[in-house]
Amino acid sequence: MNHPFSPSLVRPNQPLRKPSSRPSVGCPFPGLAMPGGSPLMSASLSPGGASPIVPPASVATSAASPVHLCHFCAQQGNLRCKRCKKATYCSVLCQKEDWKAHRHICIEAQPEREIQNLPTALPVTPTRGNLPDLKQADAFEPNRVYLKDLRRLKIKPGSDIQASVVEFYNPGRFFLLAQSPELLDTLRSISSKLQKTSSSPSGTTYVPVVGEVCTAQFSGDLIWYRGLVQKVVAEKKAHVLYIDYGNEEDVPYDRLGPLPADIEPFHPCAMECHVAAVEPTNGCWSTESCTAVKQLLAGRTVTTKLVETLENVHVHAVDIQISVGNYLSSFLIERGFAVKATVDVTPTQQNINAMLSASLENFKRRSQGKDDNTWAQVPEPLTQAVGDSFSVVITHLQSPDNMIVQKVENAGVIQELQLKLRLHCSQVSTPDNFRPAPGTVCCAQFSEDKQWYRAKVLGYSSEERVCVGYIDFGNSEDVDLGDLRPISSSLLALPMQAIPCALAGVQPIGESWPEVCLLALQRSVSNRILRAQIQGAHEGKALVTMVDEASDPQSNITELLISAGYGIPATVMGDDVQQAEQPTAPAPALEPQVCKPLVWSSVELPTEGQSVVLTATVVVNPGEFFCHIDNPNDHQQLITLGADLKQHCEEDVATFEPKVGEPCCAMFPGDGAWYRAKVNGQSEDTVAVSFVDYGYSMELDKRHLRSVTPRLLQLPFLAVRCFLSGVEAMGSEWSSEAILWFRAQVDGEKLNARVLTVTEHGYGVELEVRGHSITAGLISNLLGRVPGEIPKGVHSSLSPGAAQPEDIKEKPHSQTRPSKQMPAVGSVATALSGPTFPVDWKTTELPINEPFKPCVAAVTSPSLFYLLGPNQVDQQKHSEMMQELASFCTNRSTLPSSSDHSRPTPGAACCAQFSADDNWYRAVVLEVADDEVSVIYADFGNTEKRPVSRILPIPEHMLRLPFRIARCALTGKEHFPAVWPPKVLQMFHSLLLNSVLATAHSFDGSVNILSITLPAERGGAHLTAMVLDALRAHVKSPSSPSSAMEHKDSTSSTTLLQYSHPISTVDRSVENKAVAAEPTVGLQLTPQSPKPMQSTASELHKEAQHSGCCCPSLKTKMEHLEKMMELQLSLLKLCVERLQS
């Protein structure tokens, strides 16, 4: 019995490769200057980096056809300079890069002197800074795009996505389409461009190549789609997979064409998937299993967990949730359709011997009378000596102990070898008797780009499949026997260009290198030219130190691994010699770098009376706001700094321990970008930071912080903390009206500022906007007062015999609901005209099971938040309702009933007078304080705080026209607490701003129950699970009595969408100009908590004892009750008169 050969011993793998900006570019180091100044002919780093030249066997061109190379990168050039008609290029990008050198020799070609094999074209005289046009050469092959050239789908393993099955073949192969608005936009964009560029015939029949992504016209609707050529099935016919939908068919050549050059290389929209961790019971999936699974998935949007994305192919291992807690893999196993897949383990020597025996048997079985290629032995490796130093590029990386590099100086040699291999293989036909023995060298066609490379036969995995290793690059793969060609002796003269290496002076902390270390190392060395120096040799590998000389400062890869905590220093060991090292030398060498203090500075304002122009970035109130000096250069520097911060933070994966008072890098939750910040405080899980270039302050998870380098601190911190001088709040705090007015004045304006004082709270400035003093405006509008001035009305209230404020204040129980014995005026009004504060108003019902991007208007908690619904308002009905509402509220405010003491409760509908235009609008109460109410305008979605006097009950008939806002709650609300921890609420608020995707699951009669997930690029996690995890973490953490009290007070406040983008010029609260048709109130930075109120009889008794006399208070209350009784009597008389008439 022949055992199948497992290639796990020499598992196929792909080299590191620089992502190309176009399909034909694979050179990782274009334009390296030689001493003479000419660009170096670049070589591909891997059997995937070369230009996708069509194999001559499948193209109707002779072997003698000239190959035109790019004048800049030495890849195949399909374009030529239209001016001189001599220089050829592979793209406009290479032409631009080469223009600085080429312009000195670019001479306009004469019309009578034509270049052989290149058709002439009208020359274009280049102007300064302008390049000659590129013209397509008639004899050239088109640029081809392969699957590897498309972008990868960025979904983290372990994350959940919502998707639907668009094509199902069996559990081992099906296609999913993620339910995402961005993906639908991508599909529309692709379809639109394909119809424009592919509809016009080219006049020549297009010859596709297997593995190419091209345009294909579907037979069902004759519309063009992106297709992957899988194989040639007949003469002038190819089997095509439509990568954006998952279906496939045979397509004639005349309905195929090249992919347009201007189309974006989007990833395949349809995800090719298979069920993870299972394999069919009998080796193939039965018809019964396919039918059962198809019935489960047909027409449904399912929650799909991404388990793994297979390397170098666009295939995903997934598991699909078919019910709560039950997944498709378990279903297949329970029904007997599948068994658990075997997990690869490290093979024992016995397993290795068995695989080698199986490989040898597979080779011998059909080798009788065949050419076994035994003469072609592996060429000699490159010779190196200890102490040699040279520039290298890493072509293959498995771990710090196992790397393959190529010398940069040999790039031209490798390129010349590739051209010779192409020419050789185009002249050699596929031999029927060629069966190379293991250990011999031949030519192999790499599966990704269909180019030819020198390869060593490692073994036969089956009778027709061969595992080969590419000796010049270090990677390996499994190929068909038909993809091999005999090699010539001249092609074996060049030594192997792959140099096996291992990092010297470092070893893993445990038995092996962790996965996070390998990812960090790959990011550090991929696509970089490094300086390598040989320290010794061990087990056939060169022990080297590698330094990235292009980084600032220069970084030693070994020291980076040790400082990041991935490895420990090790003695450099050789095969023949041991080099002694001081055992304690490596550690002290790193200490000065770690302990070196950071130095930073901040922008300062002139303090000697000079004026300076500022723009506001964040406004808390007139006593605290942050500004930028109005300087265009600063804005450009911030953009450049943002790019540097992104690169640094993506590469820096080391654990960071923040220190209070020191700078760092922090991810802003509003946009997920990195900014400079300063640590203000920290707890066990979170860190309080302020964004030093904008002024925002908030608490972040430690995972969202990174260390900062001295280079990133060279630009001074740009946010300047200020306060308005010469004015103070009317009370102990700035009122909401004052804050809104101040924000409206400074929003988007250039502020003429002059510093009057400098304190620990910032710069005290006087501000002028368009010639008007903001300080004077606050005082004249009675929103602020001169410091030390006693507000109007205080003298009379403190005169002898006057009641104290505590005596005349309504008690909380009389404010929140009417007395049962004495109905309030609002109750009588309800019986006559119906205005109340109803909490059972009908909300908009969102469409069930239809994903959408929510527009969040206000958030109370995960149990209650409001979205701006998709329904359109009937403008005519809305206008009539607004007129009736205005009439009602105007009359209501002039009647005695307007002084009723029934107060709204959170969630109740009401009428609210908008501060910007004094018009009345329908609203919903968010929270209630002593003297003001936070509302959301039900037909517009904006929010603001209004005095209690500007809130009125609403008649029932005015609720018939639906509100535009929708009342919502997160799924799983039955598990939510009544009181929410502030940190959990803050996390929920920030998550809602991450471009989430929502789906309405149900409607319970009053609330839309939503399932909300993060976008796919951020992991696709469910907010319900994240909130419950945060709650469990909060329950486990100890809390002090003070924190519990803070928690209790903060839960009743509603956050009004408190975050905005740090790059915005101002933290908006209101628009500069009020629009009468639509109230526009912006965002607040911090939620306002309700003030504590006295509400118990014992407290009232203590208050009376403390004041000495309660007569003034009792007198006031009696007068109030008398007025109420008089009002009710007048209303009763009015009712009687109406009944009699």
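Miscellaneous remarks
- Number of the condition not met by Ala317 [criteria: (1) open to solvent by 20 Å² or more (accessible area, probe 1.4 Å); (2) under 30 Å from the mean Cα position of the chain (by Cα); (3) touching a residue at least 24 places away in the same chain (Cβ under 8 Å); (4) under 22 Å from Glu448 (Cα atoms)]: (1)
- Checklist (1) in a loop (DSSP other than H, G, I, E, B); (2) of a type outside the set (D, E, K, R); (3) over 28 Å from Leu150 (Cβ atoms); (4) open to solvent by less than 20 Å² (accessible area, probe 1.4 Å) applied to Ser462, failing item: (4)
- Taken as a whole, the structure places Val233 among residues that are modelled with pLDDT under 90 and over 17 Å from Ser329 (Cα atoms).
- The range 71-105: number of residues that are open to solvent by less than 10 Å² (accessible area, probe 1.4 Å), touching a strand residue (DSSP E or B) at 6+ places or on another chain (Cβ under 9 Å), at negative phi and assigned to a loop (DSSP other than H, G, I, E, B): 6
- Candidate set: the range 967-993, residues that are under 26 Å from His704 (Cα atoms) and in contact with a Phe, Trp or Tyr (Cβ under 8 Å, 6 or more places away or on another chain); chosen: the one most open to solvent (accessible area, probe 1.4 Å): Leu993
- The set of residues from the range 232-242 being over 40 Å from the mean Cα position of the chain (by Cα) and assigned to a strand (DSSP E or B) comprises Val233, Ala234, Lys237.
- Scope the range 945-962; condition in contact with a Pro (Cβ under 7 Å, 6 or more places away or on another chain) and either at positive phi or assigned to a loop (DSSP other than H, G, I, E, B) (or both); matching residues: Pro953, Pro955
- Search result, residues across the range 465-476 that are touching a Ser or Thr at 6+ places or on another chain (Cβ under 7 Å) and either open to solvent by 20 Å² or more (accessible area, probe 1.4 Å) or assigned to a loop (DSSP other than H, G, I, E, B) (or both): Phe473, Gly474, Asn475
- Note on the range 832-854: among residues that are part of a loop (DSSP other than H, G, I, E, B) and aromatic (Phe, Trp, Tyr), the one that is surrounded by the fewest Cβ atoms within 10 Å (Cβ to Cβ) is Trp841.
- Considering the range 855-887, and only residues there that are assigned to a loop (DSSP other than H, G, I, E, B) and surrounded by 19 or more Cβ atoms within 10 Å (Cβ to Cβ), the residue that is nearest to the chain's Cα centre (by Cα) turns out to be Pro862.
- Filtered residues of the range 1008-1023 (kept if surrounded by fewer than 22 Cβ atoms within 10 Å (Cβ to Cβ) and over 12 Å from Pro851 (Cβ atoms)): Ile1009, Leu1014, Glu1017, Arg1018, Gly1019, Ala1021, His1022
- Residue in the range 757-772 that is nearest to the chain's Cα centre (by Cα), counting only those that are at pLDDT 90 or above and small (Gly, Ala, Ser): Gly762
- Residue check, Pro953 more than 23 Å from Cys855 (Cβ to Cβ) and buried (at least 22 other Cβ atoms within 10 Å of the Cβ): yes
- Selection from the range 666-712 of residues that are among the charged types (D, E, K, R) and farther than 21 Å from Gln636 by Cβ: Lys678, Glu684, Asp685, Glu699, Asp701, Lys702, Arg703, Arg706
- Taken over the range 243-256, the residue count meeting the criterion of being outside any loop (DSSP other than H, G, I, E, B) and buried (at least 22 other Cβ atoms within 10 Å of the Cβ) is 2.
- If you check Asp449, Asp432, Asp401 for being closer than 28 Å to Glu464 by Cα and under 39 Å from the mean Cα position of the chain (by Cα), only one passes: Asp449.
- Among all residues of the range 491-504, there is none that is at pLDDT below 90, open to solvent by 20 Å² or more (accessible area, probe 1.4 Å) and either basic (Lys, Arg) or outside any loop (DSSP other than H, G, I, E, B) (or both).
- Among residues of the range 677-714 being among the small types (Gly, Ala, Ser) and part of a strand (DSSP E or B), the one that is surrounded by the fewest Cβ atoms within 10 Å (Cβ to Cβ) is Gly681.
- Applying the condition of being part of a strand (DSSP E or B) and under 13 Å from Leu183 (Cα atoms) to the range 150-163 and asking which residue is least open to solvent (accessible area, probe 1.4 Å) yields Ala163.
- Residue check: Glu409 meets all listed conditions (1) among the charged types (D, E, K, R); (2) over 19 Å from Val468 (Cα atoms); (3) surrounded by 21 or more Cβ atoms within 10 Å (Cβ to Cβ) but one, namely (3).
Conditions (1) small (Gly, Ala, Ser); (2) farther than 12 Å from Arg255 by Cβ; (3) in contact with an Asp or Glu (Cβ under 8 Å, 6 or more places away or on another chain), marked per residue:
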| position | (1), (2), (3) |
| --- | --- |
| Ser189 | yes, yes, yes |
| Leu194 | no, yes, no |
| Val213 | no, yes, yes |
| Gln217 | no, no, no |
| Ile223 | no, no, no |
| Gly227 | yes, no, no |
| Ala234 | yes, yes, yes |
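- Within the range 627-643, residues that are surrounded by 10 or more Cβ atoms within 10 Å (Cβ to Cβ) have Cβ atoms under 7 Å from residues that are among the acidic types (Asp, Glu) and at pLDDT 85 or above in these pairs: Leu638/Asp693, counting only partners at least 6 apart in sequence or on another chain.
- Of all residues making up the range 956-966, the number that are surrounded by fewer than 20 Cβ atoms within 10 Å (Cβ to Cβ) and in contact (Cβ under 8 Å) with a residue 40 or more places away in the chain: 6
- Any hit, the range 508-527, residues being over 35 Å from the mean Cα position of the chain (by Cα) and free of Cβ contacts under 8 Å to residues at least 60 places away in the same chain: no
- Against the test of being within 28 Å of Val213 (Cβ to Cβ), without any contact (Cβ under 8 Å) to a residue 40 or more places away in the chain and open to solvent by less than 10 Å² (accessible area, probe 1.4 Å), the options Ala444, Ala455 yield a single qualifying residue, Ala455.
- Criterion violated by Asn433 - all others in (1) under 24 Å from Asp371 (Cα atoms); (2) modelled with pLDDT of 90 or more satisfied: (2)
- The residue that is least open to solvent (accessible area, probe 1.4 Å), counting only those in the range 193-225 that are closer than 19 Å to Gly246 by Cα and hydroxyl-bearing (Ser, Thr, Tyr), is Thr215.
- All conditions but one from (1) within 26 Å of Thr999 (Cβ to Cβ); (2) open to solvent by less than 30 Å² (accessible area, probe 1.4 Å) apply to Cys290; the one that does not is (1).
- Single residue of the range 255-283 satisfying the filter (modelled with pLDDT of 90 or more and of a type in the set (D, E, K, R)) that is farthest from Leu147 (Cα to Cα): Glu279
The values are calculated or read from the model by the stated rules, or taken from the named source; none is laboratory data. The model shown is predicted, which means the values in this text are computed figures rather than measured ones. Note that each Cβ is placed from the backbone with ideal geometry, even for glycine, and that neighbours are counted across all protein chains shown. Just so you know, the surface numbers come from the protein's heavy atoms only, side chains and all, with ligands and any DNA or RNA stripped out. Shrake-Rupley method; radii C 1.70, N 1.55, O 1.52, S 1.80 Å.
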